[in-house]
Amino acid sequence: MSGFCKMIPTERIQHRDERPILIVLHQERSSPGRVGQLLVEKGYRLDIRRPVLGEPLPATLEDHAGAVVFGGPMSANDPDDFIKKEIDWIKIPLREKRPFLGICLGAQMLVHHLGGKVQANTDGSTEIGWYPLRPTERGRLLMHWPKMVYHFHREGFELPHGADLLAEGDAYPNQAFRYDGNAWGLQFHAELTRVMMHRWVVHGAHRFILPNAQQGREHLEGRMLFDAPLRAWLTEFLDLVFEGKTAKAAHPITLPA
């Protein structure tokens, strides 16, 4: 990512922490996408690790500004060694009170670590495409939330004991939560760039026959309608997670995709 950092004009970079943010990915070609781009723009360096390829996770986060665990096609319930080790590893950011963000699979791993269940709906319904999001009262107190968000999952999670629910959905009620002040979980995806969404639509097309899944054209049409406020939300949300900053505005900000 050092080459990418050089592409960001110096005047746009505001260094907040000299330590990098740990980025945990679950496939060889996976990317931190827009989350990675925004973090670099905010002045962070990225330490990218892929446990599925045998790359170890650090024994402490003292040398990191926080961690983001991304999604993947696997389940938090899978018996694979790297899945079990990664779920167990989450005790480190929790114990050290380091900023932690889990996205989709990453959130489900956090829930699993905290003793909550990760499972599919009994009717087999999925969330694959764009679906409404409703902030709870606690969520509204933190920031403005987008009305529609992007999903690509067949399992959801129950709210862990002691966690605050921040946003809800229809098919899968628990969409965003905060635990113990520093750990955050999101069921939906705000990190997809345009290229990433096109790739997901092509390679994930076989899933569009699943119950409640949207067709590929709906994914791409939805991006034109809903992506700008989702990107604006993500920009402020990352400041909330890694800097503890309260959102600056209570309305969507139109930004280029």
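Structure notes:
- Summarising the label geometry, the points placed 7 Å from Cα in the beta-carbon direction at residue 91 and residue 120 lie 3.2 nm from one another.
- Calculated accessible area for region 78-144 comes out at 46 Å² per residue, all protein chains present (probe 1.4 Å; ligands, DNA, RNA ignored).
- Share antiparallel - DSSP beta bridges, the chain, percent rounded to 5: 55
- Under-29-angstrom lysine pairs by C-alpha in the chain, whenever the two are 8 or more apart or on separate chains: 20
- Take every pair of alpha-carbon atoms less than 8 Å apart whose residues are at least six positions apart; their mean separation over the length of region 130-181 yields a relative contact order of 37 percent.
- Our note on the geometry: Cα centres of region 186-216 and region 29-44, 20 Å apart.
- Simple spin-label estimate for residue 217 and residue 198 in nanometres, 7 Å along Cα-Cβ: 1.9
- Working from label points 7 Å from Cα in the Cα-to-Cβ sense, the residue 84 to residue 147 distance is 4.7 nm.
- Share of carbon and sulfur in the accessible heavy-atom surface of the chain [1.4 Å probe, %]: 52
- Accessible surface, region 145-204, averaged per residue in Å² (probe 1.4 Å): 39
- Compactness relative to 2.2 N^0.38 Å, alpha carbon Rg of region 65-218: 1.01
- Under 5 Å, built H, 5+ apart or other chain: amide partners of residue 149: 131, 133
- Residues of region 183-223 with amide N under 18 Å of a point placed 7 Å along Cα→Cβ from residue 74: none
- Amide hydrogen proximity for residue 102: with H placed 1.01 Å from N in the peptide plane, the residues at 5 or more positions away or on another chain lying under 5 Å are 69, 184, 185, 186.
- In percent, rounded to a whole number, the relative contact order of the chain is 17, using alpha-carbon pairs under 8 Å and six or more apart.
The values are calculated or read from the model by the stated rules, or taken from the named source; none is laboratory data. Here the structure is a predicted model, which means the values were calculated and not measured. Positions of Cβ are generated from backbone atoms using ideal geometry, with glycine treated the same way; all protein chains shown enter the neighbour counts. Surface areas here come from the heavy atoms of the whole protein model, side chains and all, with no ligands, DNA or RNA. Shrake-Rupley method; radii C 1.70, N 1.55, O 1.52, S 1.80 Å.
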